[in-house]
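Below is one structure, written out as structure tokens, with a few remarks after it.
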Amino acid sequence: MAQTTAAHGWQLEQDSATAYERFLVPLLFDTSARDLVDRLQVRPSDRVLDVACGTGVVARHAAERVEPDGEVVAVDLNPGMLAAAQEAAANRAIRWEEASADALALEDGHVDVVCCQQGLQFFGDRPAALAEMHRVTTAGGRLGLSVCRPLDHQPGYRPLVDGLRRHVGHAAAEGMASPFSFGDRDEIVALVRAAGFRDVEARIVIWPLRVSSPAAFLRGETASSPLGGVIADLDAEVIDALIADISEGLAPHTDDAGVSFPIETLVVTARR
Ligand SMILES: C[S@@+](CC[C@H](N)C(=O)[O-])C[C@H]1O[C@@H](n2cnc3c(N)ncnc32)[C@H](O)[C@@H]1O
């Protein structure tokens, strides 16, 4: 199963990329991607860049809107994610590129719209990545970023992270907490302004998530993350204790159909 590549955040091997596309995309990212391209008013003939595209869900929604004359370029540094993205995109006309967000192989002012869904928190050099997004955007072009708000605002993920810390260890907990590690509104707005963007606006956007059980939540989240291999190696008693602990934390969000809780994100839009 998955191995973590230490150099950059949230690195998945291809099995995890496939699990990501099957679990996390329907759980949240498909809905939030559609919302992001709607907010950015992506339209026919726009040239769109999807930075940290993962399995390509934003790129797919953008491609639907820009066809037939527009262009979508999708960039990620993880080849496993890009392979899963190409498979999921079937015949959509999207150009996939393996590159880091802070070294984009695009000309100055090449795109009308830059999207980056749940990528910024993982970048090693965020100012350089935002400078690149600014460089490749045409004058008047639009930027849309989304990140998860910090763990204190996540009633579903908090019990998952706490359970991992108690039963698996600090590194596993920090891995699961990493998507929530850079969600401070003022800090993000300041970074986007410092890169040269104007009309910067941040909105809290809250989505309802539903999973069939705490065990399914643990399994789906870890299989879609660099933790898949770690969990697969645990003894059955440890997994049982972990699930019992997470179930207790999720009890206030549990009903007859499973578990439902909100996830809070921050969506930042701006213009070049
Ligand atoms: C949580 S996923 C989000 C993927 C996708 N945007 C989505 O909405 O499903 C984070 C992605 O950021 C990518 N990533 C991390 N650091 C990166 C960097 N420096 N440059 C490009 N991609 C990066 C990872 O490989 C991963 O695919």
Exercise for review: Could you list, in sequence order, all residues of region 87-142 that are in a loop (DSSP other than H, G, I, E, B), near the ligand (Cβ under 10 Å from one of its atoms) and either polar (S, T, N, Q) or open to solvent by 30 Å² or more (accessible area, probe 1.4 Å) (or both)?
Suggested key: 100, 102, 103, 118, 123, 124, 125
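Taking residue 190 as the residue in question, decide whether it is away from the ligand (no atom under 16 Å from the Cβ) and assigned to a helix (DSSP H, G or I). Write out each step before concluding.
On the way: away from the ligand (no atom under 16 Å from the Cβ): yes; assigned to a helix (DSSP H, G or I): yes.
Answer is yes for this residue.
Being farther than 26 Å from residue 18 by Cα, open to solvent by 40 Å² or more (accessible area, probe 1.4 Å) and not in a strand (DSSP E or B), is that true of even one residue in region 200-219?
no
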Review point. Has region 47-60 got any residue that is more than 10 Å from the ligand (Cβ to nearest atom) and acidic (Asp, Glu)?
Key: no
Exercise for review: Specify which of the listed residues (182, 197) is within 16 Å of the ligand (Cβ to nearest atom) and at pLDDT 95 or above.
Suggested key: 182
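Just a yes or no: is a residue in region 48-62 surrounded by fewer than 16 Cβ atoms within 10 Å (Cβ to Cβ), modelled with pLDDT of 95 or more, more than 16 Å from the chain's Cα centre (by Cα) and not in a loop (DSSP other than H, G, I, E, B)? Let's see the steps before the verdict.
Within region 48-62, the subset surrounded by fewer than 16 Cβ atoms within 10 Å (Cβ to Cβ) is none.
Checking region 48-62: not a single residue is surrounded by fewer than 16 Cβ atoms within 10 Å (Cβ to Cβ), modelled with pLDDT of 95 or more, more than 16 Å from the chain's Cα centre (by Cα) and not in a loop (DSSP other than H, G, I, E, B).
Hey, any hits in region 67-83 for a residue that's away from the ligand (no atom under 11 Å from the Cβ) and among the β-branched types (Val, Ile, Thr)?
For region 67-83, residues away from the ligand (no atom under 11 Å from the Cβ) and among the β-branched types (Val, Ile, Thr): present.
Name the residue, out of 72, 42, that is among the aliphatic types (A, V, I, L, M), buried (at least 20 other Cβ atoms within 10 Å of the Cβ), at pLDDT 95 or above and over 25 Å from residue 263 (Cβ atoms).
Details: 42 fails: over 25 Å from residue 263 (Cβ atoms).
On inspection, the qualifying residue turns out to be 72.
Regarding region 66-80, can at least one residue be identified that is closer than 23 Å to residue 270 by Cβ, of a type outside the set (A, V, I, L, M) and more than 14 Å from the chain's Cα centre (by Cα)? Break it down stepwise before answering.
Step one: of region 66-80, the residues closer than 23 Å to residue 270 by Cβ are 66, 70-76.
Among the residues that remain, those that are also of a type outside the set (A, V, I, L, M) are: 70-71, 76.
Of the ones still in play, those that are also more than 14 Å from the chain's Cα centre (by Cα) are 70-71.
Yes, region 66-80 contains at least one residue that is closer than 23 Å to residue 270 by Cβ, of a type outside the set (A, V, I, L, M) and more than 14 Å from the chain's Cα centre (by Cα).
The values are calculated or read from the model by the stated rules, or taken from the named source; none is laboratory data. Worth saying up front: this structure is predicted, and the values here are computed from it rather than measured. Positions of Cβ are generated from backbone atoms using ideal geometry, with glycine treated the same way; all protein chains shown enter the neighbour counts. For accessibility, only protein heavy atoms count, side chains too; no ligands or nucleic acids. Shrake-Rupley method; radii C 1.70, N 1.55, O 1.52, S 1.80 Å.
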